[in-house]
Amino acid sequence: EYCFGIRFEKRFFEGKRLIGHTGGAHGLYSCMYFCPEEDWGIVCICSSGVPDKVNGIRKCLYTIVHLLYSELLK
């Protein structure tokens, strides 16, 4: 399920297998996932200079991915 930084993710959306990567460095947090079976993808990038807010940023990225999917792809 994980190789060279690319992972197969089944927890984002019920019944969908996404391929992608999350990352962060020096206040940058991001994720990129795509669904090859349905020919769509999502990229989210957030910035934060506060290291103790990492979990909040991750929750924000997860929420943004779900909002983009529900508003643009359903």
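The values are calculated or read from the model by the stated rules, or taken from the named source; none is laboratory data. Predicted, not measured: the structure shown is a model, and the values here were computed from it. Cβ sites come from the backbone with ideal geometry, for glycine too, and all protein chains shown count toward neighbours. Quick note on the areas: whole protein, heavy atoms, side chains included, nothing else; ligands and nucleic acids left out. Shrake-Rupley method; radii C 1.70, N 1.55, O 1.52, S 1.80 Å.
One residue alone among Ser70, Ser47 is in contact with a strand residue (DSSP E or B) (Cβ under 6 Å, 6 or more places away or on another chain) and modelled with pLDDT of 75 or more, and that residue is Ser47. Just to be sure before I move on: is Cys44 under 17 Å from Glu71 (Cα atoms), in contact with a helix residue (DSSP H, G or I) (Cβ under 9 Å, 6 or more places away or on another chain) and either in contact (Cβ under 8 Å) with a residue 12 or more places away in the chain or surrounded by 14 or more Cβ atoms within 10 Å (Cβ to Cβ) (or both) in the structure I sent? Yes, satisfied.
Name every residue in segment 13-39 that is of a type outside the set (Gly, Ala, Ser) and open to solvent by less than 30 Å² (accessible area, probe 1.4 Å), in order of residue number. Phe13, Leu18, Ile19, Cys31, Tyr33, Cys35, listed by residue number.
The criterion of at least 2 residues that are of a type in the set (Ser, Thr, Tyr) and touching a strand residue (DSSP E or B) at 6+ places or on another chain (Cβ under 6 Å) is met, among strands (runs of 3 or more DSSP E) falling completely within segment 1-43, by 28-35. Cβ-Cβ distances below 6 Å connect the following pairs, each with a first residue in segment 24-37 that is modelled with pLDDT under 85, a second residue that is of a type outside the set (S, T, N, Q) and in a strand (DSSP E or B), and a separation of six or more residues or different chains: Tyr29/Cys46; Ser30/Gly23; Ser30/Ile45; Cys31/Cys44.
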